[in-house]
Amino acid sequence: MSQKKRTSSQKSQAPSNRLSQVARNEAVDSDEEDVSLTEPSTSQVQQSLARLTVAQVDRKMAEVLQFILIKDQKKMPIKRADIVKHVLKEYKTIYSEILKRVDRTLGQVFGMKLVEIDTKNHTYVLINKLEPVELNITDMHTGSSKTGLLFVILAVIFMKGGIVKESIIWNMLKKLKVKCGEKHDDFGDVKKLITEEFVRQRYLEYARVPHTDPIEYEFRWGLRAEKELSKMKLLELVSEIVKNWCQLYAVGVFGGSCRNKTPAHGRPSGKKQNKQSLVPGVVLSDAFVFFTLCYPEYSCLSLRYILFL
Amino acid sequence: MPKDLTESHRRFLQEMMKCGIMDVSKCNSLYKKCCEIHKANYVPDKLDDFVNEINTPLQPMFMHIRCGMSEEDGQQYYALVNLADTEITRMATDYSDNELELFRKAMDFILDSDNGLASSTDILNLADTVQTKKMKKKDAEQVLQRLVQNKWLCEKNGEYSLSTRCIIEMEPYIRNVYQDSVCNICHNVAVQSQMCENPLCGIRMHFPCVARVFRGQPEPHCPACKDFWPHEIPELNISQSQLPAPSQPGPSNEKASRYGRPRR
C-alpha cells in the first residue's frame, strides 16, 4: 500500500539523490573536469535559452542555488565544473545566464554573494553581504567556538604583518590551553582543524617555508578570510581588547579586587559570565594573552597574575 | 506583485538557515531585532506576514519557512524546510547514502509503531538491514548521535522519536503515507499520541492536545465516541495558551477514518 504511494514521489527524488551523491564526491570531482567547457558566445546562449521553457530554466536555477547553499554549509569552495557536471548537465551552454540569475537571487533573497576566488579554476565562495552583528537570540551553534579560535589566529597573523611561523601560533594556543597533538574538548584534533579544515575552507593558508631543515611552515590569511573579513573591523576589535585590558590594568594597580576572588590555578569557570565575550569562545583573559604575543615588550608586566594565567 | 525583500528579511532568513528551527517567541525577538538593526518598520504581531513575505521568493527555490507544533510541549515552532520532495535534500550533505537509508528505516519504524518511539536496540537491528552499504552497529550508534545533534531525532531514556524539525519537514510525506496518523483535535500529523482504546473509534490526540482538551476534567471521555479515556492526562504547559494553528489542507485527505482503520 505504501509502496504504491512512494513510487509517485520517486520521480521527484532524482534531483536530491544526485545532490547527495555530489556532496560525497567532492574529493574526486576536480579530476574529471570537462575540458571542452569553453565560453559559449552570446548568441549561442540566447539560442539555447530560446529553446527552453521558462519553467525549465527556473528549475535549473533553483537546483544550482540549492547545490551552492548545500556546498556552502561545509564552507567548501564551489567549483564551476562541479555545478555543470552534477546539476546543469545538458544545460551547460546557458551556464553564464543561470549563474547571473543565481547571483541576483542570492543577493536579493539571502543577502549573500558569489565571489570567484580562483579565476583560473573558476572556484567560488559564498560570502555574506550583511555585516556581522551580535544578535544574542539564537543559541550558539556549534560552529561558533571554532570561529572564535579562527578569529584569534587571523588576528595574530594580521598583527604580525600577514605571515606567522607555525611555532608562534602553537605557543599562543598553548597559553590558551589549546595544545598541538592533544584532543581538545571543543575543537578535537586542533592541528587537523587549523592546518587542514581551515585551509580547505580557504580561511588560512598553510605553506612550507623553503630551505628550512627541519621543515617549517607558516600561516597566512586565506582567500575567503580576505573576502569575508574587513580588516578595519578586526582593528576595531583589537583596540577594544586593548581598551578593556587597560581598564583591568588600572584595577590591578589601584585595587587588586580581582585577584582575591579566584583560585591560584587555572581559569575559574565562573569567569566567563562576568567578562563579556567579544568573540564567541574568546574571553578577555585569552585576549590578553594574544595581546602580549603581539606586543611582547609588555609581557613582563605582572598583569599575568591579575588575569590568572 | 510580491514585495521586495529588505535587509531585515535577509537577516532573518540567514538566522533561520543557521538554526533550522526556532520557537515562536525567539522568532518574534529575532524579527524585532532584524527590523531594529536595519531600521525597518517593526509591526508587532505581524510575524506571520513577515515570514510570508520571505516565503514568496523562496518558493521557486523549493524552500519554505513553515510553522508547526512540537509534540512534546505544544509550542509553536518555525522551521526552514525543503519543498522539493519528501527526500531530505538538506541532510544529503552531511550523511552518506547508507546513513540516509538508516534514517529512513528508523523514521518508518517510528511511524509504524503504536507509540511513535523506537528503542536504540530496534534501530541498531535495522542497521543490519541497510542495503546500500553494510553498516556496523558501532557506526549506526554514531549516526544516531549525529541525527540527534542535528535535531532530526530526539532521544529520551534510550528511546528515539522524530524531532519537531523532522515532523515539520516530513509532514507532507507522513500525511501521504500514514493517512490516519492525525490528531483529532488540531488535525496536524501525530507521531507520538494517545489513542482511544475503543476499537471502533481509535482516534489519536497529541499529548499536549490531550492536556488542553481534558483540562480540569476529573473524568475525561473520548471526544469522538465518549468512552472513558483511560490514559494518564499530561500536565498542561503554562505557555500553552492558544490553540495551535490548524494545518493547511494537504493534497491528501484530512479526514481520519475512525472505524476499522487499517494502520500501515
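Values in this text are rule-based calculations from the coordinates and carry no lab data. Note that the structure is a prediction, hence the values are computed from the model and not measured. All Cβ positions, even for glycine, are placed from backbone atoms using ideal geometry, and neighbour counts span all protein chains on display.
Results, tabulated for the structure shown:
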quantity	calculated
Additional length obtainable on full extension of the chain from residue B:146 to residue B:235, 0.36 nm per residue less Cα span	29.0 nm
Residue order, fewest to most beta carbons within 10 Å, for A:213, B:128, B:180, B:112	A:213, B:128, B:112, B:180
Under Karplus coefficients 6.51, -1.76 and 1.60, residue-wise ³J(HN,Hα) of the range A:91-99 in Hz, glycine/proline x	8, 5, 5, 9, 3, 5, 5, 4, 5
Average Cα contact separation per residue, the range B:177-216, under 8 Å, 6 or more apart, as relative contact order %	34
Long pairs among A:75/A:146; A:60/A:92; B:105/B:136; A:129/B:26, criterion Cα-Cα beyond 21 Å	A:129/B:26
Separation of the residue B:224 and residue B:159 label points, Cα + 7 Å toward Cβ, nm	2.1
Distance in nm between pseudo-label sites at residue A:185 and residue A:49 (7 Å out along the Cβ direction from Cα)	5.6
Flagged links, alpha-carbon separation over 23 Å, of A:85/B:138; A:71/A:100; A:191/B:137	A:85/B:138; A:191/B:137
Long-range HN-HN contacts of residue B:153 with modeled amide H, under 5 Å	B:148, B:163
